[in-house]
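So the structure is just underneath, and the comments pick up after that.
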Amino acid sequence: MGSRSRGDGNYRNPCLTMHQPWASLLVYGIKRIEGRSWPSPIRGRLWIHAASKVPDPATIKAMEDFYRAIYAVNGITDLKFPEHYPISRLLGCVEVVGCVTLDELVSWEELPEGVRLEGQTDYCWLCEQPQKLLVPFEMRGYQGVYNLEKKIYEAAVRGLSPVTPPLPVKFPLPDPRDLFSLKPGSLASDSKNSKAIKMEKPPSLDAAIAGARAAATQFSNKDSSPSVIQDGDAPISARTRNKRKEAVEGQDSKSVGVSDAKDFRDQCSAE
């Protein structure tokens, strides 16, 4: 399956390192929205790498309960979660087809309500076409969006297998001729008319959202920051990575690849 053209020559095979279980949930097509406090700088294929922190059972349960609850809103009750959440591995990829604000997502009535409930942060990266590696392989990750090394990419691209999501979702482009047309501000936002906001949430859904919020806050501390590229939207070069010595391995106190914990907490509280 080919990726969409990104139209951005700064990125070659961009990759994002994420904590588990969020990383596998995205590659398995269960997670459709990657929440961030910053807009997506890319379109097209985004490789997903799992960080080195071993997820504790309570975190896995909280996130699986969250997705069970929001999928149940659309009548999906037989979710099949990954059997394992491997760490320090390249897992697969998704297609980032757009990025919108939280207000735009929750007001997007063409989308299933569960997708709109999944948004919890300022910016929502819209992900389609998940593919997983048949054999995830070990590699080191870095903070921010970075380019896969050529030899790693060439090995990985041969081992991809398409994933059938439990509820396939297509995010239509406002202008099909412009792959960057689905961007913050491109959709009319009217939260007052949003069915997702107006619908009465059952207590189990509120509890699931609270549990997901608690799971995310474990990565929040006074020193943590969003995994955004600090030098604008240019990819982090190998020389910069070596200079910074900020490989994700061993950086478990940093929030890398998780929906930014502070934004997630604030948005969940607003629910």
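The values are calculated or read from the model by the stated rules, or taken from the named source; none is laboratory data. Predicted model only: the values in this text are computed from it and were never measured. Please note: Cβ atoms are built from the backbone with ideal geometry, for glycine as well, and neighbour counts cover all protein chains shown. Note: accessible area is taken over every heavy atom of the protein model, side chains too, but ligands, DNA and RNA are not part of it. Shrake-Rupley method; radii C 1.70, N 1.55, O 1.52, S 1.80 Å.
Values as computed for the structure displayed
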item: Residue 154, sole failed condition from (1) modelled with pLDDT of 95 or more; (2) surrounded by 13 or more Cβ atoms within 10 Å (Cβ to Cβ); (3) assigned to a helix (DSSP H, G or I); result: (2)
item: Residue match in segment 73-96 (condition: open to solvent by less than 60 Å² (accessible area, probe 1.4 Å), under 12 Å from residue 32 (Cβ atoms) and not β-branched (Val, Ile, Thr)); result: yes
item: Condition met for residue 126 (in contact with a helix residue (DSSP H, G or I) (Cβ under 7 Å, 6 or more places away or on another chain) and under 15 Å from residue 16 (Cα atoms)); result: no
item: Selection status of residue 106, open to solvent by less than 30 Å² (accessible area, probe 1.4 Å), within 23 Å of residue 215 (Cα to Cα) and out of contact with any strand residue (DSSP E or B) (no Cβ under 6 Å at 6 or more places or on another chain); result: yes
item: Single match in 172, 202 (criterion: out of contact with any helix residue (DSSP H, G or I) (no Cβ under 7 Å at 6 or more places or on another chain), over 23 Å from residue 78 (Cα atoms) and either open to solvent by 40 Å² or more (accessible area, probe 1.4 Å) or modelled with pLDDT of 95 or more (or both)); result: 172
item: Residue 133 vs. criteria surrounded by fewer than 21 Cβ atoms within 10 Å (Cβ to Cβ), under 19 Å from the mean Cα position of the chain (by Cα), of a type in the set (A, V, I, L, M, F, W, C) and over 30 Å from residue 106 (Cβ atoms); result: no
